[in-house]
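Since the structure comes first, as C-alpha cells, the remarks are kept for the end.
Nothing in this text is a laboratory measurement; each read-out follows from the coordinates by a stated rule. Here the structure is a predicted model, which is why all the values come from computation and not from measurement. Counting neighbours? That spans all protein chains shown, and the Cβs are built from the backbone with ideal geometry, glycine included.
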Amino acid sequence: MAQHPAWVEAFNARKPADRWFKTEWKPLLPDAAYARSLADDQAWYGPRGGKLPMMMGVPADDKPGPGYYNAVLRSPFGDQLALEFARAAIAGEQLGRDEATDILSVSLSAHDYINHAYSAESRISHDHLLHLDRMLADFFRDLDATVGKDNYLAVLTADHGFMPAVEVSQAQGRAAGKLSGTQLVNRVNGELERTFGVPKLVGFLSASALVLDRQAIAAKGLNFDAVAEAARTAAVADPGIAAAYTRRELESGSKAGAPFFDQMRRTWHKDVSGDVQYVLKPYWMHTSASSATTHGSPHPYDTQVPILVWGPRWVKPGRIDSRVEVVDIAPTLARVLGVPAPASSEGKPLPLPAR
Ligand SMILES: [Zn+2]
C-alpha cells in the first residue's frame, strides 16, 4: 500500500490514544486478591517507582506528550488501543465476510513493557493480566457477533517469557545477579593483554557476544582464533556466564550437543553476530538502566510459553501434554486451511484433537 487505508486515517484522526490523559489505571480487585504478588513501589523500580492506581501523565503536564504516551504503552490502555485498532481493521477490511480466509495478527505488547518495568512477579503485572483477560473476553464476544462463533479460529501465544527479577530471586535464596558489560569487557581485555601484549582486543559487546578488534589483531599479526579462544576462556571465568563459544565453533558446528550450543547456533549469523557468543547463567541478567528485568535467554522461564487454540469447528476441546513449539503454529494453521506450510517453516503441525 502506498498509503494507509481510509479506515486507518480515520482511526488516527480521532487521536484515540489521548483520551486517558490524567486517567488512573486502577486495580480490578480488592488488595487481598494480590497477596501472592509483589507489593507496589519496590526499591529497585528506580526513580519512577510504580504503584496502582497509576496516573497516565504527570500532574504538571498540560497536554499528552512522550511521558504520557510511554505510560499508556505500559498500561492496560495500550492493549485496549491495540484491540480497538484490531476491531477497526476487521470492520475496515471486511474481515471474515466472504469465502476467502483472512488472517489477523495482533500483538498485545503492554505486558512486555510492564514486566520490564515492574517484573512478572509484581502486583502491577498481575493486575494487567486481569485487565487483559477481560479485554480478550470482550474482543471474542465481538468476534462472535461480527464474524460468527463457528467462523473463526483463535490462537494465543507469546514470543517469550520473563526472568524473575534478580532482587526477587536473591530474596528467595537463589544464586542470581547482574553482569556489567563494561566490567566484563575490561576484565577480558586485561587477560588478553597479559597473554598477547596488546590492549583492548575486545572492541565492544553486542547481543551477548564479544566483538574482537580485527584491525588490531591483523596489525599485530595475531591469530584471530587464538585470541577468540583466550577471550572465551576469560569470559567463562565470570560468575554470571554459563557457556561461551567462538566464531570458529559456531561456524563449524564442532560443539554440537554442548550446553546451549545448538540453540545458540540457530540465532547466530556469521555476517552480523559477534566473535565469542555467551549465555548468562539462569537468574542472571546484564545491568540495565532501563529495565528492572528482562528476557532473551535460553532458560525455561524464558522459553516456556502458552499455546492455546480455540475454534470448535476445527478443534475439539482437550489438553496436549507433549513438547511443542511456537513454530508449530504456522504449519498447524496451514493444515487447517488446507494449504502447504510456509516454505521456511521449521515446525510440525500440532497434534490437535480434531473434531
Ligand atoms: Zn521485551
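The table below lists the values:
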quantity: Two-site label geometry, Ala137 and Ile320: point separation in nm, points 7 Å out along Cα→Cβ; calculated: 2.8
quantity: Rule-of-thumb Rg ratio for the stretch 92-214 [Cα; 2.2 N^0.38 Å; N residues]; calculated: 1.75
quantity: Average projection area in nm² (convex hull over Cα atoms of the stretch 6-170, one quarter of hull surface); calculated: 11.6
quantity: Kirkwood Rh in Å, taken over all unlike Cα pairs in the chain; calculated: 23.9
quantity: 0 to 90° range, to nearest 10: angle between helix 76-92 axis and the chain longest Cα axis; calculated: 60
quantity: Spin-label model distance (nm) - Glu346 vs Arg36, 7 Å beyond Cα toward Cβ; calculated: 3.4
quantity: Calculated on alpha-carbon atoms, Rg and Dmax of the stretch 35-126 in Å; calculated: 17.1, 55
quantity: Relative contact order %, the stretch 226-355, counting alpha carbon pairs below 8 Å whose residues are six or more apart; calculated: 18
quantity: For the chain, built as a Gaussian network whose Cα springs stay under 10 Å, the top-fluctuating residue of Ala176, Ala117, Ala13; calculated: Ala13
quantity: Highest-fluctuation residue, His295, His111, His269 considered, GNM on the chain with Cα pairs under 10 Å; calculated: His269
quantity: Relative contact order computed over the chain (Cα-Cα under 8 Å; 6+ residues apart), in percent; calculated: 16
quantity: Candidate lysines for bridging to Lys178, where Cα separation is under 24 Å - those fewer than 8 sequence places away on the same chain excluded; calculated: Lys200, Lys281
quantity: Rounded FRET efficiency, nearest 0.05, which uses the C-beta distance separating Val106 from Ala237 and R0 of 56 Å; calculated: 0.80
quantity: Glu99-Arg14 FRET efficiency (beta carbon distance; Förster radius 45 Å; 0.05 resolution); calculated: 0.90
quantity: Interchain or long-range residues, amide H under 5 Å from Ala243's placed H; calculated: Val279
